[in-house]
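Here's the structure we're looking at; comments come further down.
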Amino acid sequence: MPAQFKKIAVFFNQHKEAAARWAKAVNELIEAKGACAVNIPCRDHGKWDENADLVIALGGDGTVLHAARDLAGRDIPLLGVNTGSLGFLSGMDVRDFADRFDAVLSGGYAIQERFLLQAEVFSGAKKIVDAQIAFNDCVIKAMEPRAFSMEAQYGDKFLKTYLGDGLIIATPTGSTAYALAASGPIVYPVLDVIVLVPICPHALTQRPLVLPADSPISVLPQVGHGDFRRHPILSVDGQLNFKLNPGDRVVISKHKDRIKLMLPPDYDYFEVLNKKMKWGER
C-alpha cells in the first residue's frame, strides 16, 4: 500500500499521563506501518520538523488549538486524535486509530480548510503586541467580575459601545466554543465570516453579530478611573493572555493563512453537532 505521509509529527501534552501513554502507542503503530514518527511534546511547540508532512494532535480540543496556531504558515495538514471527552475538532477517537490509520496514510481522509484570526494590540500608532493567532476566538474581558464599556468598530464603521462582561470575536470553528456558551450562533465552519458575541451585555438589544471576514474589528476598552477602574485582558484561544493598559486598542482580523484540518471522508458536521453537543435533541 503506497503511503502518502512518510514522516509524521505526534503533538501531545506531556503533562497528561494518558496522552503520553497514547503517544507511545501511536508512535509504535506509525513505525509499524513503515512511516517515520517524531514525538513533539507541547513544551517544544514551534520546534516542528520541517520535513514532517502530517501532524497528529493527540489529546483534546486544547491540544488541537495549540497545534493549529503553531502550524500557521506551514503547508502541513493537521489531524486531531481525541483522547479526551469532547474532541469536537478531532478527526477520530484514539481507540479507532489502529483501524482508521491505513486510510489516513493512503490519503483517504479529506482536508477541510479553516481560517484563522489574528489579534494585535496598539497604543496610539505603536504596535505593542504583535499578531497573535487564534483558531477559535479572541476574547476581551476584565479581570474583575464587573461590567465595563468597549467601543467596537468594524472596518471604518463604528459598531457600538458595548457594556457588559466582555466581547468574544470568533471564527466559524470557534462558534461552537465560548461563543456558543455566551448564546452566540452556530456557524458552518467553512464560511468566511467572523462572529462577534457580547458577554452578559447590559442591554437586551445587544445581540450577536455575524460579519464578513474581510474587514478588521477594532475594540477600545474603557478602563474607568479610581474605584471604577477595570483591568481588561485579551485572551487568545483561552491559552494566551495579555494585559491591556488604558488607551490600548485591540485589532482583530482574518489571518492570511489557513489550517488544513484532516477529517474522515464521511464527516458530517451536523452529525458531530448532534453527537458531541446534543444539538437538536428534545
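The values are calculated or read from the model by the stated rules, or taken from the named source; none is laboratory data. Owing to the predicted nature of the structure, the values given are computational and were not obtained by experimental measurement. Every residue, glycine as well, gets a Cβ built from its backbone with ideal geometry; the counts of neighbours run over all protein chains shown.
Name the one entry in Ala147, Ala182, Ala134, Ala142 that is within 24 Å of Lys243 (Cα to Cα), touching a Phe, Trp or Tyr at 6+ places or on another chain (Cβ under 7 Å) and not assigned by TED's automatic domain parsing to the domain that holds Ala68.
That would be Ala142, the only listed residue that is within 24 Å of Lys243 (Cα to Cα), touching a Phe, Trp or Tyr at 6+ places or on another chain (Cβ under 7 Å) and not assigned by TED's automatic domain parsing to the domain that holds Ala68.
Filter the stretch 27-56 down to the residues that are crowded, with 19+ Cβ neighbours inside 10 Å and within 21 Å of the chain's Cα centre (by Cα), then identify the one that is modelled with the lowest pLDDT.
Here the answer is Cys42.
May I ask you to list pairs of residues, at least six apart or on different chains, whose Cβ atoms are under 9 Å apart, with the first in the stretch 53-73 being free of Cβ contacts under 8 Å to residues at least 40 places away in the same chain and the second being in a helix (DSSP H, G or I) and hydrophobic (A, V, I, L, M, F, W, C)?
Short answer, once both residue conditions are applied: Gly60/Ala19.
Residue under question is Val121, and the condition is that it be touching a residue at least 60 places away in the same chain (Cβ under 8 Å), assigned to a strand (DSSP E or B) and either β-branched (Val, Ile, Thr) or surrounded by fewer than 14 Cβ atoms within 10 Å (Cβ to Cβ) (or both); does it hold?
Criteria met by Val121.
Tally time: how many residues in the stretch 224-240 are surrounded by 13 or more Cβ atoms within 10 Å (Cβ to Cβ) and free of Cβ contacts under 8 Å to residues at least 24 places away in the same chain?
1
Mind counting the residues in the stretch 128-137 that are closer than 21 Å to Asp214 by Cα and more than 9 Å from the chain's Cα centre (by Cα)?
3
Identify, by number, the condition in (1) surrounded by fewer than 19 Cβ atoms within 10 Å (Cβ to Cβ); (2) assigned to a strand (DSSP E or B) that Pro221 doesn't meet.
(1)
Please pick out the residue among Gly73, Gly59 that is crowded, with 20+ Cβ neighbours inside 10 Å, more than 19 Å from Ala170 (Cα to Cα) and in the same structural domain as Ala25 (by TED's automatic domain parsing).
Gly59
Of all residues in the stretch 77-101, count the ones that are among the small types (Gly, Ala, Ser) and surrounded by 21 or more Cβ atoms within 10 Å (Cβ to Cβ).
Number satisfying all stated conditions: 4.
Which of the residues that make up the stretch 171-208 are part of a strand (DSSP E or B) and either farther than 20 Å from Arg114 by Cβ or in contact with a helix residue (DSSP H, G or I) (Cβ under 6 Å, 6 or more places away or on another chain) (or both)?
The answer is Val195, Val197, Pro198, Ile199.
For Val219, are the conditions met, namely being modelled with pLDDT of 95 or more and among the hydrophobic types (A, V, I, L, M, F, W, C)?
In short, yes.
Select from the stretch 137-153 the residues that are assigned to a loop (DSSP other than H, G, I, E, B) and either charged (D, E, K, R) or under 13 Å from Val219 (Cβ atoms) (or both) and list them in ascending order.
Within the stretch 137-153, Glu144, Arg146 qualify.
If Tyr267 satisfies all but one of (1) touching a strand residue (DSSP E or B) at 6+ places or on another chain (Cβ under 7 Å); (2) crowded, with 17+ Cβ neighbours inside 10 Å, what's the number of the condition it fails?
Answer for Tyr267: the failing condition is (2).
Looking at (1) buried (at least 20 other Cβ atoms within 10 Å of the Cβ); (2) under 24 Å from Gly62 (Cα atoms), can you tell me which one Lys243 breaks?
(1)
Conditions first: (1) part of a strand (DSSP E or B); (2) surrounded by 20 or more Cβ atoms within 10 Å (Cβ to Cβ); (3) out of contact with any Asp or Glu (no Cβ under 6 Å at 6 or more places or on another chain); (4) free of Cβ contacts under 8 Å to residues at least 40 places away in the same chain. Ile168 passes all but one, so which condition is the exception?
With (1) part of a strand (DSSP E or B); (2) surrounded by 20 or more Cβ atoms within 10 Å (Cβ to Cβ); (3) out of contact with any Asp or Glu (no Cβ under 6 Å at 6 or more places or on another chain); (4) free of Cβ contacts under 8 Å to residues at least 40 places away in the same chain applied to Ile168, the lone miss is (3).
Within the stretch 225-252, track down each residue that is in a strand (DSSP E or B) and among the polar types (S, T, N, Q).
Ser235, Asn241
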